[in-house]
Structure formats: structure tokens, C-alpha cells
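Coordinate-derived values only; no laboratory data. Because the structure is a prediction, the values reported are computed rather than measured.
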Amino acid sequence: MMSVHPTALPIHAVYDIKGCTYGRRTTARERERDARLGLGLHLKDADLVDDGFKLRLDSLRRNAFLSQLALDVAFLSRRRIMDYSLLVGVHEPSRQTSIRPTLGPMRLSSNIVQRSHVDKSSAEYLLMAADLDFDSDMAETAPFTLAETVDSAVRLERARATRPKAGGLCVLTDRRDLGIPAASEDAATPCTYFLGVIDILIKYNAKKQAETFLKSLKADRTTISSVPPDEYAARFMKFAEERIATPNL
């Protein structure tokens, strides 16, 4: 989750989306546990439907995101992986309280900490080599260390320069914290989304097949999480498409 929300911005809502509804509502016990542990409230598919929540992206970002998500889901399906989630974090500037405090400067690994001792002249040289602008206040204003900021800026510039053979994918954001701006009629206070696929190591093995059988006895098969990878992938994509609002043309 930290890798999906690498930001110093407060996160006001988190949805864990699998594309199914059976058992996918945050219970009172889970809400109490999260509050006790200071984790903030993390919601699920049924909560998202109840809230009527939809991601609001412009047409270019919507198409690019769904295209990339489809590629990732197809990759997982080919390897018989299922039960993954789309984790959605929402920053809403208009809200005063958040479910998670700001993180401050991040230290992602020991080698990044060692590389964080980069002076501004070295950072400026690296950015100039990548044909990027250098902000003298970058170290003070960014939620990352200076080295992380340089690395992130270089990666984003390489992504911008990449021209896929087909599909017309675009870079979803040029922000260092990878936040994706919402399409909003109120341009003064747009939301920011942080999106990523998590829990990608669960294979559809004998245990999961038994879970499919047992849960199918209790509920409609289309609503349970444990289904074969190809079925899971198709349902996951359909749910994702339905929860991203179609931009007004």
C-alpha cells in the first residue's frame, strides 16, 4: 500500500476493489479495528457501490488507464493469478480530516537512503543530462528525498519519450508522487487519485478451487472472489470500467 500511495498528501478515502460483492463490505469489527490501530478506514467493493463513488478521469487518462490495466490483468491471468485488488487512494483538498496523516519524507530502502546524500549541483547535472528543469527548492518541497526526486523525474521523462507501437498509451501523470488529477468541473479543488494493483501473488490452486466450490453453495458464483483467473480477470475489468465515469464530451 505504501508503494501505491507514495505521497505526503493526506489520503481521505481508500477503496480495495476486487470486482465482486460477496463479503466485500467493511464490517463494524473491521472499522473498530482500523480505528483502534490508527489505520484509517479502508473500504471495499460493496462500500464503493453504496457510496456511489466513481473515478473521474478525462477521456485520455481514462482510456490510457483502462488499456494499461487490461494489459496487467491479462498478464496475471496467463499466470493463473487471481484475487488481486485495485487499490484506490483519494486526496480531496476540500476535506479537513483524513483517514491517514501525511507521511512526510519517505525512506523506501537502505540503498535509497545511501543515495539520498546527493548535493544540489549533482542533482542539477543529472536533470540537465535528462533535459529536465531543476527547481532549487525541490528538496524542500518534494515529499521524496532529493535522490528519489531525481530518479522519479528521469523515469517520467523516459516514459514520456516512449512511443508504443500500438494502443496510443499516454503517461497518466507527471507528478513526482505519481498522483493522477481528477477531471472536475471545479478546477480549483480537484481530487487526486493514487492507483495500483496489489495482492498479485495468489494462484488459483487446489485450495482456491475448493473455496470456489464451497462459496458457490452459499452465494451466487458471480459475486464471490474465488473464481478461475480468466473469469476473475473479465469481471475485474468490467467492474473497473463501470466505476470510472465516462467524461462528458
In whole percents, the bins of 10 Å from zero upward hold the Cα-Cα pairs of the stretch 179-249 as 15, 35, 24, 18, 8, 0
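Given Cα positions, please report Rg to Rh for the stretch 1-99, the hydrodynamic radius being the Kirkwood one.
Values: Rg = 15.0 Å, Rh = 15.2 Å.
Using only Cα positions, Rg/Rh for the stretch 1-99 is 0.98.
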